[in-house]
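For reference, the structure is listed below as structure tokens.
Only the coordinates and a few stated rules stand behind these numbers; no lab work does. Because the structure is predicted, anything quoted here is derived from the model rather than measured. Counting neighbours? That spans all protein chains shown, and the Cβs are built from the backbone with ideal geometry, glycine included.
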Amino acid sequence: AATAAVINSISGGNDFVAAYPSNGINGQVRSVFYVLEDSPIKSIADIAGKTIAVNTLGAHLDYTVREALHGVGLPPDAANLVVVPGPQLEQTLRSRQVDIAALGYWQATFAGALVDKGGVRGVFNDTDVLGELAGGFIVLRRDFIAAHPDGARNFVEQSARAADWSRQNPNEARKVLAEIFDKRGENGELARYWTGFGLREGAKVDDRDIDFWVGVLERDGRLPKGRLKAADIFYGRGETKTN
């Protein structure tokens, strides 16, 4: 799940840890907020009062919008977010049902097709707002880790190897992705737009991956101040303790 959702869930009492980042944003992998070419929206300040299509609420794109608005001195709820499934984002934007369509970095296949058809432009992206950051995490329950420490460690280590392979062999990774799409009955041709997982080497984490969002949630009153920090959430930092 997205990092903010993971933090909220742990804060709510779920006894699991962030095992490793499943994806992230950097110079090549990013979420973009698109408008039609003739839109009057030119900057983050212009999104106040506008309708933005996102794939879900309470996750990465939702909090990116909140942080973007905060950064220009506007209330975090100044824009109106509506949920639109990924495959329908382009149609919803082109039919002018929304002012902005947010294409998450994990939706690069949709974004690539959207841009190729023309008539759109990006207003801002999440790296403009957040910088380089892990976007979401695979989680493991603490009791599972305690019962299966070798299995948990192997799962995390092999997942990191797979992430490294995809970064080092992007063309081969796109071929694998195309095969997955085709087996699902989806359009394998879209795999050519895939930009990668956006992870650091070895799927390494940085305390800022968690602490950034903890600060945002504390500021918004969604998380008690001092309740959580990165060391409480990352796998390998006291994951066998009891809460």
**Complete:** Given the candidates P76, S39, V123, the one whose Cα lies deepest towards the positive end of the charge dipole of segment 32-130, counting +1 at each Lys or Arg C-beta and -1 at each Asp or Glu C-beta, is S39
**Message:** Going by amide H atoms built from the backbone, whose H comes under 5 Å of the H on N55, apart from near neighbours?
**Reply:** V84
**Prompt:** From the phi of every residue in segment 172-189, what ³J(HN,Hα) in whole Hz does the Karplus formula 6.51 cos²θ - 1.76 cosθ + 1.60 yield, where θ is phi - 60° and glycine or proline is x?
**Reply:** 5, 4, 5, 5, 4, 4, 4, 4, 4, 4, 4, 5, 7, x, 9, 8, x, 4
**Request:** May I ask for the distance between the Cα centers of segment 21-49 and segment 187-229, given as a whole number of Å?
**Result:** 17
**Calculated from backbone phi, Karplus (6.51, -1.76, 1.60) coupling profile of segment 201-211 in Hz, x at Gly/Pro** = 4, x, 6, 5, 10, 10, 3, 4, 4, 9, 4
**Asked** Among the listed pairs K204/K229; K50/K117; K42/K204, which are separated by more than 26 Å between their Cα atoms?
**Response** K42/K204
**Asked** How much length is gained if the chain between Q168 and D116 is pulled fully straight, taking 0.36 nm per residue apart and subtracting their Cα-Cα distance, in nm to one decimal?
**Response** 16.2 nm
**Prompt:** What is the distance, in nm, between label points placed 7 Å from the Cα along the Cα-to-Cβ direction at R208 and at Q158?
**Reply:** 3.3
**Request:** Tell me the label-point distance for the pair T51, K229, using the 7 Å Cα-to-Cβ offset, in nm and rounded to one decimal.
**Result:** 4.5
**Asked** For segment 32-130, what proportion of DSSP beta bridges, expressed in % and rounded to the nearest 5, is antiparallel?
**Response** 55
